[in-house]
């Protein structure tokens, strides 16, 4: 289940990096960086929470 980030939509809120620091980081401008494109099953809950919390809807999990 790949994690996809739309960096053009990202507003740099950082919620993803706060709730799933092993999956996301932010560059020097605060824009999301996906650290783990294919999260392990035990990371799925954190990935889903980060997607749900993104205020810009810049993240998604593809089936």
Residues of region 37-58 satisfying the condition of being in contact with a helix residue (DSSP H, G or I) (Cβ under 7 Å, 6 or more places away or on another chain) and either farther than 19 Å from residue 8 by Cα or crowded, with 16+ Cβ neighbours inside 10 Å (or both): 39, 46, 49, 50, 54
Total residues in region 1-16, condition surrounded by fewer than 19 Cβ atoms within 10 Å (Cβ to Cβ), in contact with a strand residue (DSSP E or B) (Cβ under 8 Å, 6 or more places away or on another chain) and at pLDDT 95 or above: 6
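Among what's in region 9-27 and is part of a loop (DSSP other than H, G, I, E, B) and touching a residue at least 24 places away in the same chain (Cβ under 8 Å), pick the residue that is nearest to residue 49 (Cα to Cα).
Here the residue is 20.
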Taking region 37-61, which residues are assigned to a loop (DSSP other than H, G, I, E, B), in contact (Cβ under 8 Å) with a residue 24 or more places away in the chain and more than 16 Å from residue 7 (Cβ to Cβ)? 38, 39
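The values are calculated or read from the model by the stated rules, or taken from the named source; none is laboratory data. Since this is a predicted model, take the numbers as computed values, not measurements. Note: ideal-geometry Cβ built from the backbone for every residue, glycine included; neighbour counts use all protein chains shown.
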